[in-house]
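The values are calculated or read from the model by the stated rules, or taken from the named source; none is laboratory data. Computed from a predicted model, the values in this text were never measured in an experiment. Neighbour counts run over all protein chains shown; Cβ positions are idealised from the backbone, glycine included. Quick note on the areas: whole protein, heavy atoms, side chains included, nothing else; ligands and nucleic acids left out. Shrake-Rupley method; radii C 1.70, N 1.55, O 1.52, S 1.80 Å.
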Amino acid sequence: MLIQDELNYDPGIIEVEHQDLYSKLNVEQKNVYHTIMNAVNNKKGGVFFLYGYGGTGKTFVWKTLSGAIRSKGEIVINVASSGIAALLLPGGRTAHSRFIIPINLTVDSFCSIAPDSDLAALLNKARLIIWDEAPMMHRHCFEAFDRTLKDIIRSSDRNKAFGGKTIVFGGDFRQILPVGCPTNDLDETKAFAQWILKIGEDKAILVPTNEEVDAINDYMLGLMKDEGKTYMSSDSLCETESADCFEESVYSPDILNAFKASGIPNHKLTLKTGVPVMLLRNIDQTKGLCNGTRLQIVRLGKHVIEARIIAGRFFNETTYIPRMKLTPSDKRIPFRFQRRQFPVVVCFAMTINKSQGQSLSTVGLYLRRPVFTHGLLYVAVSRVTSKKGLKVLICDEEGRPTNKTKNVVYKEVLQ
């Protein structure tokens, strides 16, 4: 079924699209294209990395490469480190979901793919694997996938890197090791503008921490006259954590309700019609519903929320979101508990980290305090299509507006 799903397209239509995309590649992009396709066509295998900041045409190259292979009735697997980035790729999925990468990785981890499974058969048949936003993931993810491919590939190339498959990584290392914001020339700016138009206009307020996110979202909700609805979660210890009566009394529902953890909604979730929200879980990537998808509330029910997607390929499509059981993956929490709540958070504002993979027409950057880690400021300013789309509010230690802020970098990078 997996292979049939991947081949569920008309190669003739794909070929026409591919020729159109290929005709628009610039000289540097064509060099990348031919280098990778040479490795694919000659079955050489190999590991490549396409490096470039937003707007340099990485996604365009991915689509052209995918079209070249799919037009021959063959399989290419497109994944990305985030759900938002995955939606931009043909048949894209997150790397974790496609390769079943464990959440808690070690130096010896394998992906949960049995050599005789359907997914293993799909990987064996794939001619090319494209992995976008690669620098955002831990090295153990790639090492686990490398070991897994070597285990399931049934050929003489199985001992080569990634089992001898041709695999292309892409991304921008400046998001994790900044050396300053690059100056785009006219052609690059125009290419970026054309790319952003394909995924829809959008805007957001970006801040460094969840504390500021909550403050801004609460303020904006207070400006809306609609009373809205408040949903309370149902929290409980996971069964494996309920060791004795003492622990159950220490971690009572009231204690669990008070926990705020990244990746799960708060116990008390207040929503109003028209409010923008962001999904916190992958629900259905084939319909654009993944971790990071932004939606607008249409109607609030008792057991379900009606919302419309407000960005990306599925712009303006309506969906229904149920309550879900969510377990925080934060290792700093000394026990495991589950929260049954709608998997959304109000997103008039979002953290800079959460904005990775998104491109926005207008960004308001609110720095009540300086960024706290390297790359954060670079990620924030690189979310917009142009300089005029960026507004920055910086506060000093007394909370007064100023025009300077600290940027945290590793000095070794600048040497």
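Per residue, the convex hull spanned by the Cα atoms of the chain measures out at 180 cubic angstrom. Let's see if you can work this out: charge +1 on each Lys and Arg Cβ, -1 on each Asp and Glu Cβ, no other charges. What is the dipole magnitude of region 272-415 about its Cα centre, in debye to the nearest 20? With Lys and Arg at +1 and Asp and Glu at -1, about 300 debye. When DSSP beta bridges are restricted to pairs lying wholly in the chain, around 50% turn out antiparallel. For region 58-172, the alpha carbon positions stretch 35, 29, 22 Å along the principal axes, listed from largest to smallest. One equal scatterer on each Cα of region 306-415, no solvent, Debye formula: the resulting log10 I(q)/I(0) at q = 0.09, 0.19 Å⁻¹ is -0.38, -1.14. A Gaussian network model of the chain, with springs between Cα atoms under 10 Å, assigns the largest mean-square fluctuation among 349, 39, 86 to 39. Counting only lysines at least 8 places from residue 387 when in the same chain, those with an alpha carbon closer than 30 Å to its own are 24, 30, 58, 63, 190, 198, 203, 354, 404, 406, 411. Normalised by 2.2 N^0.38 Å, with N the number of residues, the alpha-carbon radius of gyration of region 1-41 equals 1.45. Probing with 1.4 Å while keeping every protein chain in the model, the per residue accessible area of region 248-345 equals 50 Å². Note on region 1-138: Cα Rg divided by 2.2 N^0.38 Å, N the number of residues, gives 1.06. Of the peptides 119-131, 325-337, the order by per-residue mean of other Cβ atoms within 10 Å, starting with the highest, comes out as 119-131, 325-337. Over the residues of the chain, the helix contribution to mean residue ellipticity at 222 nm works out to -8500 deg cm²/dmol, using -39500 (n - 2.57) for each DSSP H run of at least 4.
Pairwise Cα separations in region 356-415 fall into 10 Å bins from 0 onward with the following percentages, short to long: 21, 46, 30, 3.
Surface composition of region 1-124: carbon plus sulfur atoms hold 54% of the accessible area, using a 1.4 angstrom probe and ignoring ligands, DNA and RNA. Seen from residue 220, the other residues with C-beta closer than 12 Å to its C-beta sum to a net charge of -1, counting Lys and Arg as +1 and Asp and Glu as -1.
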